[in-house]
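The next block holds one structure in the form of structure tokens; read it before the comments.
The values are calculated or read from the model by the stated rules, or taken from the named source; none is laboratory data. Model, not experiment: these values are computed from the prediction. Ideal geometry is used to build each Cβ from the backbone, glycine not excepted, and the neighbour counts take in all protein chains shown. Calculation scope for accessible area: heavy atoms of the full protein, side chains included, ligands and nucleic acids excluded. Shrake-Rupley method; radii C 1.70, N 1.55, O 1.52, S 1.80 Å.
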Amino acid sequence: MSREVTIEPLSAAAFAPFGDVLDASGTPDKIINAGLCGRHHDRAHLDFGPEGRAGISIFNAEARSLPYELTLLERHPDGSQAFLPMTANPFLVIVAADENGTPGTPRAFMTAPHQGINFHRGIWHGVLTPLSAPGLFAVVDRIGNTANLEEVSLAPPYRVTS
């Protein structure tokens with residue numbers, strides 16, 4: 001027996017309780033480089049805690065397909081985590097509100113091409129879920145000496161559909 005989650009389009013308003021949508025929509029905040037570059041300024045609240053620092057890693061995740069079986073949620077209590085796709089392919093983003101230390105009912109979002117996301121510190125989320133290969137992402141997250149990872153297995157799993 002599985003539970004159902006229906007995918008929603010990713011929007012800044014819907015995703016705000018969980019993090020930031022990273023995109024270049026709208027008019028740039030600043031024009032730089034002698035007028036040749038629009039800067040969409042300060043799009044994410046990065047938080048690495050007092051004991052951490054920012055790191056940039058490259059992830060190459062295996063592509064998944066829909067319907068997707070959601071069996072695991074995780075969170076990072078010591079820092080935020082941003083995912084910036086290195087392709088134009090959309091990807092699936094799954095999040096859940098915290099309910100007394102455990103994840104609540106998940107929500108699923110589909111990014112538009114060229115959108116990234118930043119999970120705020122402590123937000124329950126699914127694993128990186130590209131729907132097309134290559135699943136290549138630049139990831140900005142906390143580098144530090146603490147474990148910074150909590151995982152919860154979901155039984156029964158959730159079935160994520162469009």
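Worth pointing out:
- Selection within the range 139-162: residues that are closer than 30 Å to Pro50 by Cα and open to solvent by less than 50 Å² (accessible area, probe 1.4 Å). The member of this set that is farthest from the chain's Cα centre (by Cα) is Gly144.
- Just one of (1) open to solvent by 40 Å² or more (accessible area, probe 1.4 Å); (2) among the β-branched types (Val, Ile, Thr); (3) outside any loop (DSSP other than H, G, I, E, B) fails for Val127. It is (3).
- Members of the range 55-76 that are among the aliphatic types (A, V, I, L, M) and under 20 Å from Phe18 (Cβ atoms): Ala61, Leu70, Leu72, Leu73
- Arg121 meets each of the listed conditions (1) among the charged types (D, E, K, R); (2) within 19 Å of Leu22 (Cβ to Cβ); (3) over 12 Å from the mean Cα position of the chain (by Cα) apart from (3).
- Phe109 free of Cβ contacts under 8 Å to residues at least 60 places away in the same chain and open to solvent by less than 10 Å² (accessible area, probe 1.4 Å): no
- Checked against (1) in a strand (DSSP E or B); (2) buried (at least 21 other Cβ atoms within 10 Å of the Cβ), Leu136 passes all but a single condition, namely (2).
- Scanning the range 2-35 for residues that are part of a strand (DSSP E or B), of a type in the set (A, V, I, L, M) and open to solvent by 80 Å² or more (accessible area, probe 1.4 Å) gives a single hit, Ile31.
- Strands (runs of 3 or more DSSP E) completely within the range 49-94 that count 2 or more residues being at pLDDT 95 or above and farther than 17 Å from Gly126 by Cβ: 53-61
- Restricting the range 36-91 to residues that are surrounded by fewer than 14 Cβ atoms within 10 Å (Cβ to Cβ) and free of Cβ contacts under 8 Å to residues at least 40 places away in the same chain, the residue that is nearest to Phe119 (Cα to Cα): Asp42
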